[in-house]
Structure formats: structure tokens, C-alpha cells
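Read the structure below first, then the notes.
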Amino acid sequence: MEDSTPRIEQQDTPDGRSFVVRGAWTAADLTGKPVWDALTAQLKRLGSETSVIRWNLSQIEKLDYLGAQVLWNHWGRHWPEQLQIEPSQRAMLETAAKFTVSLPKVRKTGWKEPIILLGSRVLALVDHTKGLVRLIGQLLLDIIRLIRRPREGPWRDFSGHLYHIGATALPITALVGFLIGVVLAYLISQQLRKFGADTFIVNILGISLIRELGPVLAAILIAGRSGSAITAQIGVMRVTEELDAMRVMGIARGFRLVMPRALALAVVMPLISLWTTLAALLGGMLAADISMDVTPSYFIHSLPAAVEVANLTLATAKSIVFGLLIALVGCHYGLRVKPNTESLGQGTTASVVTSITVVILVDALFAVLFKNVGI
């Protein structure tokens, strides 16, 4: 049985060297890794000289577009001067030559490219900052308007956001807070047991959960859950042209869209933060009882003495700021969505990432400014 492996055989004739192409040059025969590696190596050894070599393709068993493309690329996309070929094979090669396109040249990166990229990023950051500052100013004006005319306020929207952002988030925040408390208590107990300082677990858990982890964890969960929802809701209104309709009807976007969400998050975040902190303390208390025999009664009675009230006040203040920032970032990216679904997805992703980053940065700022408060 004749070997159908695609290959090229070199023959010396009175007229000079001749390359005889044999085997089946089809996609089914060429795509096998051993065959392709062997053929590629052979083509590299032969080089790309086409003008002084006679090519004989009449011995090919089968030739499809892939085989023709391989030969055409090897020839440097030029016809050899001496070529023995069948009409059907020439038609296949002409098709490959007709539809072959050159790959775009790789553009060399100059010294200006990093500077241009940095400049564009800085300008984008400045643009986002200006938009956020403008949104904060509009929110203050809307709050003044609400104080002057409370009956005109969007109270139904406010109550709806309270429910959707606050009440529906209680199960997930409690579950995550409880698990964080359990994990943190187990990790702390392993270290305290080495020094016989079991009772100090109340101090560590109380300070870390009430002052830092509780508010930050609740803010991150709300940023991923409700911040993205705010951006998506306003972004869909942009896609469906509802924002344009509000502008035509003379309805203020800030008063009806931004302010209710910002006020709702400012009211809800301290409550969710307290709820998450209580769930985390409960998990830590149970884990401390199991791992270190610190009874729940001792934990509850020692907690007020270990943690000053100033820590709870600071956590509440941070939670209010977190809520306002999450709402403003979500509304900011929602209002910047373009009327297409791709921009909606990008805006929602950017909103979540920015909200979480802002929460962590502001928490670090609070930690530096109030490092001597309550400790």
C-alpha cells in the first residue's frame, strides 16, 4: 500500500534539482502533530528558494486548501519558475493565492507610548473625579430642596430602596459575618493558646470585628450586591432611553434617581454593619467556646469592658460614609453608560471594582486619622 504521508522528496535530474511532492496534502493528514512537526522541519531545511528549483506536484494523491496554503506560504507567495502541476491542483493553488492575506506588521512601541497611555489614564481619572464631585454637589442641592419641600420628596422610592438594599441583604451578610467570625476565632485561638492568653480573644475579636471587619465586610458585600444593581438599573434606563424621556419631561435625575439611593444606603449601611458585626461576634463566641473553653457568658460580660463605645461610634460613622460613596459611585457609572449592552456590562464591572477600592481606601484613611480613638 502506498504511503500517503505528506512529504517532499528531492531528486537530481539532468536539468537540476527537483522537488517531488508526494502523499496526501489534506487537512486530515496534515493536522496530526507528528506529521506536521516532521513536515515543518523538512520545509525549514529546504528553504524558500523557488526560482532555481523544479517543483513536481503531479505525484500528489490529494490536495485541499490547507495543503495548497502550506505550499504557497513555503514558496514565499510567489509561483516557482519551474512547476509541473495538474490543472485541478493549479486551480486550488490559485484559490489559496487569491485569498491569502499578509499579517499586519507588529508595531514597535516607541518611548512615547507609555507617556501617552499614562496621560490618557490620568485624564480619564480626572474626568471621573469631576463627574463624582459634580454628583456630590447635586446631591447636596437636592437634599436642601428636600428639606425645604419634604412633601415633594421621592419617599416611595426611598422606602423601596430601603427594603431592596437593606432587608433583602440581611441573610447573606449574616451568613458571611458568622463564618468570618468563626474563622477568625479559630486562627486567633491557635496563637493565644501558645502564650496562655485565652481570655484576650474577647479583646481581639471585639476590636477587630466592631471597629474594622464588620463595617468593611458589610460595605464590600453591599458594593458587590447593591452597588452593581444601582449601576445596572440606571444603565438600563440609559439603554431604553428612559433618562432622555425624564429630561424631556423635566424630571430631575439627581432628585429622583441619585438622592433616594444615596439616602437609603446612608441609612441602611450602619444597620447592616451592626447586623454583620453581631453575626461575626456570635460566630467568634461559639468558636471560642469550642476551641478555648471561653464560655458565652464570659464573652458577653467581658465584651463591654474590652471594647469602648467610641469604637462603635466610629464604625457607625464609617458605615454612613461607605453607604454614601457606594451609592454615588454606582449612580456615577450608571449615568455614564452608553446606549449599548457592552457599555452596560463594562460600567457595572467598573462600578463594583471602584466601590470596593474606594471603601478600602476610605477605611485606611479612617484608620490613620482615628488611630488613637477607642483603643
Within the stretch 36-52, restricting to residues that are in a loop (DSSP other than H, G, I, E, B) and of a type in the set (Val, Ile, Thr), the one that is modelled with the highest pLDDT is 52
Note on residue 148: of the conditions (1) under 30 Å from the mean Cα position of the chain (by Cα); (2) basic (Lys, Arg); (3) open to solvent by 40 Å² or more (accessible area, probe 1.4 Å), unmet is (1)
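From 260, 270, which residue is touching a helix residue (DSSP H, G or I) at 6+ places or on another chain (Cβ under 6 Å), within 16 Å of residue 327 (Cα to Cα) and either touching a residue at least 60 places away in the same chain (Cβ under 8 Å) or open to solvent by less than 10 Å² (accessible area, probe 1.4 Å) (or both)?
The conditions single out 260.
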If you check every pair at least six apart or on different chains, which have Cβ atoms under 7 Å apart with a residue in the stretch 208-223 that is closer than 14 Å to residue 357 by Cβ first and a residue that is crowded, with 24+ Cβ neighbours inside 10 Å and of a type in the set (A, V, I, L, M) second?
-> 216/359; 219/269; 219/326; 219/359; 220/359; 223/326; 223/359
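Would you be able to say whether some residue in the stretch 256-267 is in a loop (DSSP other than H, G, I, E, B) and of a type in the set (D, E, K, R)?
No - not one qualifying residue is present in the stretch 256-267.
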Taking the condition among the hydroxyl-bearing types (Ser, Thr, Tyr), in a helix (DSSP H, G or I) and modelled with pLDDT of 90 or more, does residue 120 pass?
-> yes
Please find, among 248, 239, 216, the residue that is aliphatic (A, V, I, L, M), closer than 29 Å to residue 139 by Cβ and open to solvent by 70 Å² or more (accessible area, probe 1.4 Å).
-> 248
Residues satisfying the stated conditions in the stretch 253-271, i.e. under 13 Å from residue 160 (Cα atoms) and among the charged types (D, E, K, R) = 256, 261
Could you count how many residues in the stretch 79-117 are more than 16 Å from residue 21 (Cβ to Cβ) and either surrounded by 15 or more Cβ atoms within 10 Å (Cβ to Cβ) or under 47 Å from the mean Cα position of the chain (by Cα) (or both)?
-> 23
Residue count for the stretch 273-317, restricted to those that are of a type in the set (Val, Ile, Thr), part of a helix (DSSP H, G or I) and open to solvent by less than 60 Å² (accessible area, probe 1.4 Å) = 3
Any chance the stretch 341-356 includes a residue that's open to solvent by 60 Å² or more (accessible area, probe 1.4 Å) and modelled with pLDDT under 90?
-> yes
Candidate set from the stretch 175-196 (those that are over 11 Å from residue 285 (Cα atoms) and open to solvent by less than 20 Å² (accessible area, probe 1.4 Å)); member that is farthest from the chain's Cα centre (by Cα) | 189
Complete set of residues in the stretch 330-340 that are open to solvent by 10 Å² or more (accessible area, probe 1.4 Å) and in a helix (DSSP H, G or I) = 332, 333, 335
Is it the case that the stretch 193-211 has a residue that's assigned to a helix (DSSP H, G or I), at pLDDT 90 or above and closer than 21 Å to residue 163 by Cα?
-> no
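The values are calculated or read from the model by the stated rules, or taken from the named source; none is laboratory data. From a predicted model like this one, the values you see are computed outputs, not experimental measurements. Positions of Cβ are generated from backbone atoms using ideal geometry, with glycine treated the same way; all protein chains shown enter the neighbour counts. Accessible surface areas use protein heavy atoms only, side chains included; no ligands, DNA or RNA. Shrake-Rupley method; radii C 1.70, N 1.55, O 1.52, S 1.80 Å.
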